[in-house]
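Working notes, structure below.
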Amino acid sequence: MNFSLQRDGDALVLRIEGELDALSAPQIRPVIEEVLAGAPKRVTVDLSALRLVDSSGVGAIVSLFKRQRAAGGEFGITGLAGQPLAVFRVLRLDRALSTSA
Amino acid sequence: MIVLRVPATLQYRDVATRVVSAACKLVEATSAEFGQQVVSAFGEAFNNAVLHAYRGLAPGELVVEVAPLADRIAIRLVDQGRTFDPATIVDPDLDALPESGMGWFIIRSFMDEVRYEPGPPNVLSLAKRL
């Protein structure tokens, strides 16, 4: 798993690449803390280069979504496709998270 | 039959899921979703074996058997760890956007057959029809 953070004013894009699973999900947790510490108005998670996700990885993204929304911020997901889309769909998260303003 | 024997650690998750993914390509699946769903379910089963069956125990071993058949893919995951009772697992409340407890739900949602035989060894049998 690799990630990158790109800031554009008060918006922030977190791009996650590779595999976000039980092995790598703990590595994304400090990144989530860093994202939220900046109190961005909008967080976008770019999953276009994510090859594989499991429930641990989904849990980390849901955690980011909940905390960003609780702080009054906006949240969105882009690039959901392939195996990650299948998992998000079965958990009914593809619309719940992606369409949230 | 493909047989893979690996240490029951998350470091071997990628190897195991790639074997299952490759095996799915040997089955005449009509859609890419077939492999995506099988790999997703298997990955959760692998996690469960490592994180739950062997939790607190000496590092063990997992045996993965994959049978790409004419009408289905059949997978057996064999561990020597703790047993569990699938009947005690409650479905997650998806409306509440859970952050954990989704693994077994994913397995049952994506596979046509899920059978757990407590051991030792514990054997989880999964199958998905074309």
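All of the numbers you see were taken from the coordinates with simple rules; none came from a lab. Note that the structure is predicted; figures quoted are calculated from it, not measured. When we count neighbours, we look across all protein chains shown, and the Cβ atoms used for this are built from the backbone with ideal geometry, even at glycine.
Data table
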| item | result |
| --- | --- |
| Förster-model FRET efficiency, 25 Å R0, B:MET1 and A:GLU17, C-beta, rounded to 0.05 | 0.15 |
| Residue order, fewest to most surrounding Cβ atoms within 10 angstrom, among B:THR83, B:THR30 | B:THR30, B:THR83 |
| Modelled FRET efficiency - R0 30 Å, B:ALA67 with B:VAL90, Cβ distances, 0.05 increments | 0.45 |
| Inter-centroid distance (Cα atoms) of region B:105-128 relative to region B:7-25, Å | 16 Å |
| Likely footprinting exposure, B:ASP91, B:ASP14, fewest C-beta neighbours within 10 Å first | B:ASP91, B:ASP14 |
| Average beta carbon contacts from partner chains per residue of A:21-28, 10 Å cutoff | 4 |
| Spin-label model distance (nm) - A:ASP10 vs B:LEU130, 7 Å beyond Cα toward Cβ | 5.6 nm |
| For region B:2-129, size of Cβ-based charge dipole, Lys and Arg +1, Asp and Glu -1, in debye | 440 debye |
| For chain A, calculated [θ]222 nm from helices alone, where every DSSP H run of n ≥ 4 adds -39500 (n - 2.57) | -13000 deg cm²/dmol |
| Global form of region B:2-129, assessed from the alpha-carbon gyration tensor, a/c cut-off 1.5 | oblate |
| Kyte-Doolittle mean at least 0.5 and Cα axial length at least 27 Å: DSSP H helices in chain B | none |
